[in-house]
Amino acid sequence: MPDYIDHMRSAIEAAGDANPHPNPRVGAVVIDQAGVVVGSGIHREAGGVHAERAAIDQAGSAARGGTLIVTLEPCNHDGRTPPCVDAILESGVDRVVFGASDPDTRAGGGVERLRRAGIEVTSGVLANEAEQMDPAYFHHRRTGRPRLTLKAALTLDGQVAAQDGSSQWITSDEARQDGHRLRAEADAVMVGAGTVLADNPRLTVRLPDYEGRQPIPVVIAGKRPFPNDLRVIERNAVVFAPSARRLDTEVVVVESGDRVDLDKALLTLGGRGIVDLLVEGGPILADGLLEGRLIDRCVFYFGSKLAAGVGRAPFNGIFRTIDDAIDVHLVDVRRVGPDLRVEMTLAGREAR
């Protein structure tokens, strides 16, 4: 078991660098009968070779009689690629060790097939670590919604902008680069119409030498007119609106009175394979998401500045009494350049 743990940890670390969403991040290792690594692989992109098959192909005949160690329960369904269980049965390995069970019911049944074929199966090895390597995938499969991360830049005393709306730059270049790394990890970036109209952003990842995929821009529109010459329109943004409108991009109507039904918007995105969603909208959008208890994680960058007054807070609501406060779990607190990065999950959201 200790050897399995070491190899499992290596597979988890390797898979964490890939982003095959809406498929899961998966890493796999094949060791021969002497315990020597003879094959390894990760699932790099949706539609590409799965980690198990990549590791088995690399191992070749050396896999026979050996052990396959994989971070996620092997799939047993036909998608864009054949079932991984088929490749495992053809490889001749004697045992399979996997980490987390797959919450996607379509993928199930593989363990029973392997055991019926006489293959020894061990489950749950570093299961929590395997899940935390790709928490958005597990959240998406369990809820039907993408994991929602709210990002905000604030002064140390909690203001996202001055009363005149100015906010450039509250945080340092180092913090802004870290924010772009969050974008690079996300499948889509959501903002409100106010942010789009004020800043006309592209919502792209701007990191040195970055060649990865760009997140899909998503806009929550209100009743105000929405110009057709915005940069997000050029990038084929998905615009959610409370009523139909003509734009040179897709408009999805999910109304709740005169507002967008945010829960339905998230379910729509989840149904389209958006697994990890980053929200960079202003206080109105943030408050609507918080009111609906739709925020799973927050990443706040506190710039090394004091507003020394009341400007604009990250949420639009009114803090009437301490009983209204929401408990959070602090996941990570660290310095980023001269600023402070605080990552948290909302109480009750961690296991959903």
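The values are calculated or read from the model by the stated rules, or taken from the named source; none is laboratory data. Everything numeric in this text was worked out from a predicted model, so none of it was measured. All Cβ positions, even for glycine, are placed from backbone atoms using ideal geometry, and neighbour counts span all protein chains on display. The protein model used for the area step is the full one, side chains on, heavy atoms only, and it has no ligands, DNA or RNA in it. Shrake-Rupley method; radii C 1.70, N 1.55, O 1.52, S 1.80 Å.
Across the stretch 213-229, what is the total count of residues that are open to solvent by less than 70 Å² (accessible area, probe 1.4 Å) and more than 25 Å from Arg181 (Cβ to Cβ)?
Total satisfying the criteria: 5.
Conditions tested, residue by residue: (1) in contact with an Asp or Glu (Cβ under 9 Å, 6 or more places away or on another chain); (2) surrounded by fewer than 22 Cβ atoms within 10 Å (Cβ to Cβ).
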site: Tyr4; (1), (2): no, yes
site: Arg9; (1), (2): yes, yes
site: Asn23; (1), (2): yes, no
site: Ile31; (1), (2): yes, no
site: Ala55; (1), (2): no, no
site: Ala63; (1), (2): yes, no
site: His77; (1), (2): yes, yes
site: Glu90; (1), (2): no, yes
site: Val96; (1), (2): yes, no
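Return a yes/no flag: does the stretch 70-87 have any residue that is of a type in the set (D, E, K, R) and farther than 25 Å from Thr105 by Cβ.
If we filter the stretch 70-87 for residues that are of a type in the set (D, E, K, R), which is where we start, we get 73, 78, 80, 86.
Remaining after also requiring farther than 25 Å from Thr105 by Cβ: none.
No: zero hits.
If you go through the stretch 231-244 one residue at a time, do you hit one that is without any contact (Cβ under 8 Å) to a residue 60 or more places away in the chain, among the acidic types (Asp, Glu) and within 26 Å of Ala46 (Cα to Cα)?
Taking the stretch 231-244 and keeping what is without any contact (Cβ under 8 Å) to a residue 60 or more places away in the chain, we get 231-244.
Then keep just the ones that are among the acidic types (Asp, Glu); that gives 234.
Next cut, within 26 Å of Ala46 (Cα to Cα) only: 234.
Yes, the conditions are met somewhere in the stretch 231-244.
Picking from Ala198, Ala241, Ala186, which residue would you name as being at negative phi and at pLDDT below 90? I'd like the intermediate steps shown before the answer.
Numbers: Ala241 fails: at pLDDT below 90; Ala186 fails: at pLDDT below 90.
Being at negative phi and at pLDDT below 90 holds for just one of Ala198, Ala241, Ala186, which is Ala198.
Tell me which residues, restricted to the stretch 155-206, are more than 29 Å from Val275 (Cα to Cα) and either of a type in the set (Lys, Arg) or not in a loop (DSSP other than H, G, I, E, B) (or both).
Of everything in the stretch 155-206, just one residue is more than 29 Å from Val275 (Cα to Cα) and either of a type in the set (Lys, Arg) or not in a loop (DSSP other than H, G, I, E, B) (or both), namely Ala161.
Within the stretch 105-113, is there a residue that is over 18 Å from Ala18 (Cα atoms), open to solvent by less than 30 Å² (accessible area, probe 1.4 Å) and either modelled with pLDDT of 95 or more or in contact with a Cys (Cβ under 6 Å, 6 or more places away or on another chain) (or both)?
yes
Within the stretch 299-323, work out how many residues are β-branched (Val, Ile, Thr), open to solvent by less than 90 Å² (accessible area, probe 1.4 Å) and not in a loop (DSSP other than H, G, I, E, B).
Initial filter on the stretch 299-323 (β-branched (Val, Ile, Thr)): 299, 310, 318, 321-322.
Narrowing the set further to residues that are open to solvent by less than 90 Å² (accessible area, probe 1.4 Å) leaves 299, 321.
Add one more test, that the residue is not in a loop (DSSP other than H, G, I, E, B), and what stays is 299.
Total satisfying the criteria: 1.
What helices (runs of 4 or more DSSP H), lying completely within the stretch 1-104, carry at least 1 residues that are without any contact (Cβ under 8 Å) to a residue 12 or more places away in the chain, over 19 Å from the mean Cα position of the chain (by Cα) and closer than 17 Å to Ala130 by Cβ? Don't jump to the end; show me each part of the working.
Details: elements: 2-15, 51-59, 84-91.
Correct list: 2-15.
Considering the stretch 257-279 alone, what residues qualify as being assigned to a strand (DSSP E or B), open to solvent by less than 60 Å² (accessible area, probe 1.4 Å) and within 17 Å of Arg293 (Cβ to Cβ)? Working first, answer last.
Residues of the stretch 257-279 assigned to a strand (DSSP E or B): 259-260, 276-279.
Now drop any that are not open to solvent by less than 60 Å² (accessible area, probe 1.4 Å), which leaves 260, 276-279.
Val260, Leu277, Val279, listed by residue number.
Listed here are the residues, each with its yes/no results for (1) at pLDDT 95 or above; (2) more than 19 Å from Arg335 (Cβ to Cβ).
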position	(1), (2)
Ser123	no, yes
Asn128	yes, yes
Pro146	yes, yes
Thr155	no, no
Gly165	no, yes
Arg176	no, no
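Inside the stretch 131-159, can you point out the residues that are under 12 Å from the mean Cα position of the chain (by Cα), under 24 Å from Gly192 (Cα atoms) and open to solvent by less than 40 Å² (accessible area, probe 1.4 Å)?
Ala136, His139, His140, Pro146, Arg147, Leu148, Thr149, Leu150
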